[in-house]
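Some notes on the structure that comes next.
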Amino acid sequence: MKTRFLALLLGATVSPAAALTVSGTVEGNAGGSRIGAFAVTPFGQTVQEVVSAPITAGQFRLEVPESAPAARAQAPLSPQNVSWPGVIDPVQVSAAAQVAELRLFIYPDANGNGHRDEGEGLREVTPMLGNSALFITWVSGDVTVTASKGYRAELKKGWNAFVVDVGRTVRVQPFTEDRAVNVRMGR
């Protein structure tokens, strides 16, 4: 009986599993700020703060939950609304799916409540691995997106993260969580 109660208690206190973990460093003055991963529309408007974390000593760790983003953050995946890093027309999508893009923003947590409130300004930042950008998206089903210059992203249902290197050709490689990203605050 005690063992069963302890198992139930532990199960109730465990946080949901992370589908993806992104950790890294922030260059620039980010004192008192948080970094948040926000689901955005195909036009880049923020819809939902999916996860955020404090920036401590210039470092952060975001654990994106397995759950899907809010329905209002999802859009039909079509060649017309794929404006991802490295994508150049013509774009082809292998199957119908819903999609949501995740972008990183830094904001001051003025009241210290651990999430963004109205009036706390957002500054978009691009997570980089050397000269390559990190791109994060969620899809409702398995789908492949192809575009010019060799762009090919094979997405699996759920959250996906890719490192996109744009040059004469576009290389899209799966992101591995053991690699730390870098973001710059700018001027």
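Looking at Ala96, Ala110, Ala180, Ala100, just one residue is open to solvent by less than 60 Å² (accessible area, probe 1.4 Å) and of a type outside the set (Val, Ile, Thr), and that residue is Ala100.
Just one of the listed residues (Pro79, Pro42) is at pLDDT below 95 and surrounded by 15 or more Cβ atoms within 10 Å (Cβ to Cβ), and it is Pro42.
When region 136-166 is limited to residues that are among the hydroxyl-bearing types (Ser, Thr, Tyr) and closer than 16 Å to Ala73 by Cα, the one that is surrounded by the most Cβ atoms within 10 Å (Cβ to Cβ) turns out to be Thr137. Within region 50-67, being within 25 Å of Ser83 (Cα to Cα), in contact (Cβ under 8 Å) with a residue 24 or more places away in the chain and either touching a strand residue (DSSP E or B) at 6+ places or on another chain (Cβ under 6 Å) or outside any strand (DSSP E or B) (or both) holds for Val50, Ser52, Leu62, Glu63, Val64, Glu66, Ser67.
Taken as a whole, the condition of being crowded, with 16+ Cβ neighbours inside 10 Å and more than 14 Å from Pro85 (Cβ to Cβ) does not apply to Ser132.
Across region 30-49, the number of residues qualifying as in contact with a helix residue (DSSP H, G or I) (Cβ under 7 Å, 6 or more places away or on another chain) and not in a strand (DSSP E or B) comes to 1. The single condition from (1) modelled with pLDDT under 95; (2) open to solvent by less than 20 Å² (accessible area, probe 1.4 Å); (3) within 30 Å of Arg168 (Cβ to Cβ) that Gly24 fails is (1). Considering the conditions (1) assigned to a strand (DSSP E or B); (2) surrounded by 15 or more Cβ atoms within 10 Å (Cβ to Cβ), Glu124 is excluded by exactly one of them, (2).
The values are calculated or read from the model by the stated rules, or taken from the named source; none is laboratory data. This is a predicted model, so every value here is computed, not measured. Reconstructed Cβ throughout: ideal geometry from the backbone, glycine too, with neighbour counts over all protein chains shown. Surface areas here come from the heavy atoms of the whole protein model, side chains and all, with no ligands, DNA or RNA. Shrake-Rupley method; radii C 1.70, N 1.55, O 1.52, S 1.80 Å.
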